[in-house]
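Asker: My questions will all concern the structure given below.
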Amino acid sequence: MRKIKSTEEIVYQVFVNALLLLTLLIVCIPLLRVITMSFTPIKSGRQILGGLLIPFSDWSVAAYQQLLTHPAFLSSLANSMIILVLGTTINLLLTIPLAYVLSIKGLPGRKFLNILVLIPFLFNPGLIPTYLVVTKLNLIDTYWAVILPGAVSVYNCFVMRGFFEGIPEDFKEAARIDGAGEFYILRRIILPLSKPIILTVGLFYGVSHWNEFFAPLLYLNDTKLQPLPVLLRNILLAANVNEYVDTNAMSAAPIQSLKAASVVLTTLPMVIVYPWIQKHFTKGTLVGGIKG
């Protein structure tokens, strides 16, 4: 028998749906504006900007062509992929063991270790000391200068620690009684049960590396090593100069279209990846955040 909803329930449901629809519009309108602007053409020497919708027949891919056909685009894309894959791998290889050690309840000095790890999170050493360390280690103009200073995120480590603490102790104790070591427990018991948090933390690290801008700008003087965000910034700077010196003398697209297209290109890979791990991402974030 179907339950009849009361007036209060109907009003509440309508209110929630209206609020969700309003939130969706708030999110989608700026996104639609950016996508539309990235296809904005030049007509009669003037830029058509500001509108949310442009007739499909008037769309132009000039901004994307200018960015994708840049001589350094492929090398910068490869640099970004190297930093992304290598950096995320190192992040997880260091974060997983550290988070597991901090989650062991019977570990001597566990509180002290947690405080020791928390101190760099609360008191950041700052830019100058970090730059001096990177310079002394001769990491300038290498990928390691971008990857190693942020090899372990304390926030991600604590989120992962919270997830590990949520795994029943019975599994671990049974393995210890059978003579298994901590590394064996981590590899054979913890990791197979931790796919959601590993994918979640991996996504956090991956997005951070993909959007890496300031560190490459600071440490990578060799243009052959610069990642995609730095290249897009250089193209936009050149387009800005071109806009004020001689409009459209060198650029086939409006400067606003180039900016919008660069936003779309940098966000597209993560937008494609996220739906594949959305289920695990939600579970990992909720469980790790609550337990942490």
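Asker: When residues of the stretch 167-214 are filtered for being surrounded by 13 or more Cβ atoms within 10 Å (Cβ to Cβ) and within 30 Å of LEU127 (Cβ to Cβ), how many remain?
Answerer: Count: 14.
Asker: Name the single residue that is modelled with the lowest pLDDT among those in the stretch 189-246 being in contact with a Pro (Cβ under 6 Å, 6 or more places away or on another chain) and assigned to a helix (DSSP H, G or I).
Answerer: By that ranking, first place goes to VAL230.
Asker: Moving on to the next point. Tell me, yes or no, whether the stretch 161-176 has at least one residue that is in contact with a Gly (Cβ under 9 Å, 6 or more places away or on another chain) and within 21 Å of LEU220 (Cβ to Cβ).
Answerer: So far as the stretch 161-176 goes, no, none of its residues is in contact with a Gly (Cβ under 9 Å, 6 or more places away or on another chain) and within 21 Å of LEU220 (Cβ to Cβ).
Asker: Going by the conditions given, is LEU113 of a type in the set (A, V, I, L, M) and without any contact (Cβ under 8 Å) to a residue 60 or more places away in the chain? Give the derivation first.
Answerer: Numbers: of a type in the set (A, V, I, L, M): yes; without any contact (Cβ under 8 Å) to a residue 60 or more places away in the chain: yes.
Spelling it out, LEU113 is indeed of a type in the set (A, V, I, L, M) and without any contact (Cβ under 8 Å) to a residue 60 or more places away in the chain.
Asker: Residue by residue through the stretch 67-96, note down the ones that are among the polar types (S, T, N, Q) and surrounded by 19 or more Cβ atoms within 10 Å (Cβ to Cβ). So that I can check it myself, show each step before the final result.
Answerer: If we filter the stretch 67-96 for residues that are among the polar types (S, T, N, Q), which is where we start, we get 69, 75-76, 79-80, 88-89, 91, 95.
Passing the criteria: SER76, ASN79, SER80, THR88, ASN91, THR95.
Asker: Quick one: VAL133 ticks every box in (1) at pLDDT 90 or above; (2) buried (at least 16 other Cβ atoms within 10 Å of the Cβ); (3) not small (Gly, Ala, Ser) bar one, so which box is it?
Answerer: (2)
Asker: Go through PHE112, PHE164, PHE158 for me and flag whichever is at pLDDT 85 or above, surrounded by fewer than 11 Cβ atoms within 10 Å (Cβ to Cβ) and under 22 Å from LEU94 (Cα atoms). If you could, list the steps in order and put the result at the bottom.
Answerer: Working: PHE164 fails: surrounded by fewer than 11 Cβ atoms within 10 Å (Cβ to Cβ); PHE158 fails: surrounded by fewer than 11 Cβ atoms within 10 Å (Cβ to Cβ).
Among PHE112, PHE164, PHE158, only PHE112 is at pLDDT 85 or above, surrounded by fewer than 11 Cβ atoms within 10 Å (Cβ to Cβ) and under 22 Å from LEU94 (Cα atoms).
Asker: Have a look at ASN91, ASN124 and point out the one that is within 30 Å of VAL273 (Cβ to Cβ), assigned to a loop (DSSP other than H, G, I, E, B) and either within 25 Å of the chain's Cα centre (by Cα) or not aromatic (Phe, Trp, Tyr) (or both). Spell out the reasoning first.
Answerer: Working: ASN91 fails: assigned to a loop (DSSP other than H, G, I, E, B).
When all the criteria are applied, what remains is ASN124.
The values are calculated or read from the model by the stated rules, or taken from the named source; none is laboratory data. Remember, it's a predicted structure, so these values are computed and weren't measured experimentally. As a convention, Cβ positions derive from the backbone with ideal geometry for all residues, glycine included, and neighbour counts pool all protein chains shown.
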